[in-house]
Amino acid sequence: MKILAFGKIADILRRPEQDIQGPETVAELRIFLEQEYPELKTLRYVIAVDKQIADEEASLSENAEVALLPPFSGG
């Protein structure tokens, strides 16, 4: 699946885009990412799958596009 990172998250991952395999749910992906990048554990962020905000139980396909979105404010 393709991971797209924005804002501070892209800085933590050291790149805005990467491909990974393995996690089957959003919860598994969050665990994987927070093990690889411990700084994410202290950051609030939302995960969107195929342009839809996803809950932790959402399934991930191998060709999913996953966005890691930092907190943002409206204006």
Inset, instruction - Name, by its number, the condition in (1) modelled with pLDDT of 95 or more; (2) surrounded by 10 or more Cβ atoms within 10 Å (Cβ to Cβ) that does not hold for Leu43. - result: (1)
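Assess whether Phe72 counts as being at pLDDT below 95 and of a type in the set (Phe, Trp, Tyr). Give the derivation first.
On the way: at pLDDT below 95: yes; of a type in the set (Phe, Trp, Tyr): yes.
Considered against the rule, which asks whether it is at pLDDT below 95 and of a type in the set (Phe, Trp, Tyr), Phe72 comes out as yes.
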Inset, instruction - For Gln35, work out the one condition from (1) surrounded by 14 or more Cβ atoms within 10 Å (Cβ to Cβ); (2) modelled with pLDDT of 95 or more it doesn't fulfil. - result: (1)
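The values are calculated or read from the model by the stated rules, or taken from the named source; none is laboratory data. Nothing here was measured: the structure is a model prediction, and the numbers come from that model. Here the Cβ is made from the backbone with ideal geometry for all residues, glycine too, and neighbour counts use every protein chain on show.
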